[in-house]
């Protein structure tokens, strides 16, 4: 039986103390780790980060290093992949939220979307090589890379846009259809504008994924950015080339030039932070808007 | 007006509606088509090599020596499994601990900063982790290797540590969001019975969030087994059976490392590794789906 | 009859909001004390000062005294877990843990270090009997508590509270989420409970207070307006405001 005790008899709880210690230690560990990483990257990377480094191509004769080609390649990759992925991703989300009625079909689409987001880069790389580079004969090129990235970012866009669409109140839909608007008219005049912040968030998240991708791109877009892309737009995207992340790998791993690797890492880190802040900013605005209404 | 506007507009309207409807169906089915195509092409490209080499020889062969025509990937499979298991073992307590901190102990401001840090950790590209691993983690292991008079090299341990760092954000954010979804009334009831905050967390709140946390762990397993670039930069990549302080080549690295200069049966064998990895990932996905469905039913 | 809980000039602030004003009351042992008043009058807040559940809300400040068996509840030396073991609480809507019926009742024992199977079994049965639910659940103790009906869940929560063997049971509108039959069962239970426990119950329902409580306290805008034997409060209230309230002129 429980013995009667006074309320001022403090129970000693050594296990609780241990648990608190562990929890705070682990949280601190995560915190310290990130701080260490950021400081270490900046410390090693900033010295090499000159204007010339950012705005020139490597010059083997003068032995200068520049990452402009990989910046341009990254730009192409973002542009093309977003161009392909956003319409189909948003379209897929609209289908899931507004059209699809068959529960089974919805489940299958949701399951495959989840599956896609769980497939690792390297598998996408192998598939992209077999399908886009070889079967569709697009060769190892920026275009093959962008198409592969389209599949990689598709789940992100479908999911984030889908959440935004679900958050649009049903009364909007009913109001629009009540005044005789057709479904498509309702979607592009009422639904999409209301979900626009969600769509923009999904684009930013997708850009983050594109910038960070490397394993797949080495297989489908090539591993070098020695030269500026050449020819007209189509010739450029049909050529091979490394993005920033792939370039970092090439310098740091294949050539052991860690300093250059860190300088590129600073650029990548800056992009990550910027994109994160952008998402925060958009969602904050969304939050205040919700609170007002 | 000669044409009856209502009818006419109804006709064009319904044509537009129909076209858009079809377009949306195609977009909606794209994920299904993609998964289907990926499955088909992974099998079609990886299957023949496995058949030529022999399923048993391929999966359980201990020697990978493409020049000699030996394509045994057991070392890769075991290395991947060991690295994944170890990294999960280390990352889960840290990640769940950090999630508890974030949900129950951090104030609003600290919590906000902590969340930002976790999100940043999640968004740093693999290659940057590879670089950090090569410059920060591997040298520490080198010292350990020297102390034990082992040759200095990339190692399973380095790869594991890098993987721990990379799967932490997944485990933290999934665990934290499932803890946040636990009704506050459970906590009240537990405290009112005279339990301490810690007892309440470990005996009521964590068990209530169990299925979400397990889903996070399974996601982490998928991340770890699929990671390529970061581990390639720290694992040493020798095709040997896994030892904690020796170099290892994971499945993913098995594909990418020799990709550029492989051809013929060698390239086909790399496709075969891809297929094996793909099967692993699909199993993990199905397990994840089952867990999420069970969790959904309970709630 | 002896005083179980005494409060003296008890004040409580939520940030700048003054939620309880100089509440002084003497709660008698082995009685049911009903707290009534319109919503937002501070009766639930007052209830939660007695087991310090308000501590979990950020920004709460308490002044004045709460004495439980002549021991000050608001002093640094108090271990709130010991306090809450002595002063149990049943909430407005049933909140069983997502565990089996058995584990729900055994939970309180386990956190207080009682793990021996025979003892736990015995107390679980005793508590379930005490909460008049034993016969309904004895064949499915291993089933999830969430499978019970709302009324059964609430009686399970009472059993869960009884299991840690408190002296005082606080009830915060325990029947407001229940149907009339379940409400009746819990009201019947109340007169049984007071034999062994001191019960303090917040209720929104004046008939309920009149039916089950020995003493009644009327709260208004954070003040304790009137406190006395239930028969006196309901038949000849001294304060005009009490009279207005119980005759249904407001609230």
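Consider residue A:162 carefully, then state whether it is more than 8 Å from every other protein chain (Cβ to nearest Cβ), at pLDDT below 95 and touching a helix residue (DSSP H, G or I) at 6+ places or on another chain (Cβ under 7 Å). Let's see the steps before the verdict.
Details: more than 8 Å from every other protein chain (Cβ to nearest Cβ): yes; at pLDDT below 95: yes; touching a helix residue (DSSP H, G or I) at 6+ places or on another chain (Cβ under 7 Å): yes.
Answer is yes for this residue.
Suppose the filter is crowded, with 21+ Cβ neighbours inside 10 Å and in a helix (DSSP H, G or I); does residue A:242 pass it? Reasoning before the result, please.
Working: crowded, with 21+ Cβ neighbours inside 10 Å: yes; in a helix (DSSP H, G or I): no.
When the stated conditions are applied, residue A:242 does not pass them.
Of the residues screened, residue C:84 is one that is assigned to a helix (DSSP H, G or I), crowded, with 21+ Cβ neighbours inside 10 Å and within 9 Å of chain B (Cβ to nearest Cβ). The number of residues in region A:29-63 that are within 25 Å of residue B:130 (Cβ to Cβ) and surrounded by 13 or more Cβ atoms within 10 Å (Cβ to Cβ) comes to 19. Checked against the criterion of being in contact with a strand residue (DSSP E or B) (Cβ under 8 Å, 6 or more places away or on another chain) and more than 8 Å from every other protein chain (Cβ to nearest Cβ), region B:83-95 has at least one qualifying residue. Can you find even one residue in region C:175-184 that is touching a strand residue (DSSP E or B) at 6+ places or on another chain (Cβ under 9 Å) and assigned to a helix (DSSP H, G or I)? The answer is no, given that none of the residues of region C:175-184 is touching a strand residue (DSSP E or B) at 6+ places or on another chain (Cβ under 9 Å) and assigned to a helix (DSSP H, G or I).
Okay, residues lined up against (1) crowded, with 18+ Cβ neighbours inside 10 Å; (2) within 14 Å of the chain's Cα centre (by Cα); (3) within 11 Å of chain B (Cβ to nearest Cβ); (4) without any contact (Cβ under 8 Å) to a residue 24 or more places away in the chain:
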position: C:52; (1), (2), (3), (4): yes, yes, yes, no
position: C:71; (1), (2), (3), (4): no, no, no, yes
position: C:94; (1), (2), (3), (4): yes, yes, yes, no
position: C:109; (1), (2), (3), (4): yes, no, yes, no
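Looking across region A:165-194, the residues that are outside any helix (DSSP H, G or I) and either surrounded by 21 or more Cβ atoms within 10 Å (Cβ to Cβ) or within 11 Å of another protein chain (Cβ to nearest Cβ) (or both) come down to A:180, A:181, A:182. Residues that are in contact (Cβ under 8 Å) with a residue 40 or more places away in the chain and either on the phi > 0 side of the Ramachandran plot or more than 18 Å from the chain's Cα centre (by Cα) (or both): does region A:147-167 have at least one? The answer is yes, given that some residue of region A:147-167 is in contact (Cβ under 8 Å) with a residue 40 or more places away in the chain and either on the phi > 0 side of the Ramachandran plot or more than 18 Å from the chain's Cα centre (by Cα) (or both). Condition check for residue B:256 on (1) farther than 30 Å from residue B:138 by Cβ; (2) in contact (Cβ under 8 Å) with a residue 12 or more places away in the chain; (3) at the interface with chain A (Cβ under 8 Å from one of its Cβ atoms): one failure, at (1). Being farther than 19 Å from residue B:175 by Cα and either modelled with pLDDT under 95 or more than 8 Å from every other protein chain (Cβ to nearest Cβ) (or both): is that true of residue B:61 here? Yes. The single residue among A:207, A:237, A:264, A:260 that is in a helix (DSSP H, G or I), within 10 Å of another protein chain (Cβ to nearest Cβ), in contact (Cβ under 8 Å) with a residue 24 or more places away in the chain and in contact with a helix residue (DSSP H, G or I) (Cβ under 6 Å, 6 or more places away or on another chain) turns out to be A:264. In this entry, residue A:248 is excluded by the filter for residues that are part of a helix (DSSP H, G or I) and closer than 30 Å to residue A:172 by Cα.
Going through region C:205-234 one residue at a time, which ones are at pLDDT below 90 and either part of a helix (DSSP H, G or I) or surrounded by 22 or more Cβ atoms within 10 Å (Cβ to Cβ) (or both)? Of everything in region C:205-234, those that are at pLDDT below 90 and either part of a helix (DSSP H, G or I) or surrounded by 22 or more Cβ atoms within 10 Å (Cβ to Cβ) (or both) turn out to be C:206, C:207.
Among (1) free of Cβ contacts under 8 Å to residues at least 60 places away in the same chain; (2) touching a helix residue (DSSP H, G or I) at 6+ places or on another chain (Cβ under 9 Å), where does residue C:244 come up short? Only one criterion is unmet by residue C:244, namely (2). Scanning region B:208-224 turns up at least one residue that is in contact (Cβ under 8 Å) with a residue 12 or more places away in the chain and facing another protein chain (nearest Cβ under 7 Å).
Only one entry of B:48, B:125, B:66, B:93 meets the criterion of being surrounded by fewer than 21 Cβ atoms within 10 Å (Cβ to Cβ), in the same structural domain as residue B:225 (by TED's automatic domain parsing) and on the phi < 0 side of the Ramachandran plot, and that entry is B:93.
Given the structure, is residue B:196 touching a helix residue (DSSP H, G or I) at 6+ places or on another chain (Cβ under 8 Å) and assigned by TED's automatic domain parsing to the domain that holds residue B:241? Against the criterion (touching a helix residue (DSSP H, G or I) at 6+ places or on another chain (Cβ under 8 Å) and assigned by TED's automatic domain parsing to the domain that holds residue B:241), residue B:196 qualifies. Looking across region C:31-47 at every residue that is within 18 Å of residue C:211 (Cβ to Cβ) and in contact with a helix residue (DSSP H, G or I) (Cβ under 8 Å, 6 or more places away or on another chain), the one that is surrounded by the fewest Cβ atoms within 10 Å (Cβ to Cβ) is identified as C:31.
The values are calculated or read from the model by the stated rules, or taken from the named source; none is laboratory data. Model, not experiment: these values are computed from the prediction. Virtual Cβ from ideal backbone geometry, glycine too; neighbours counted across all protein chains shown.
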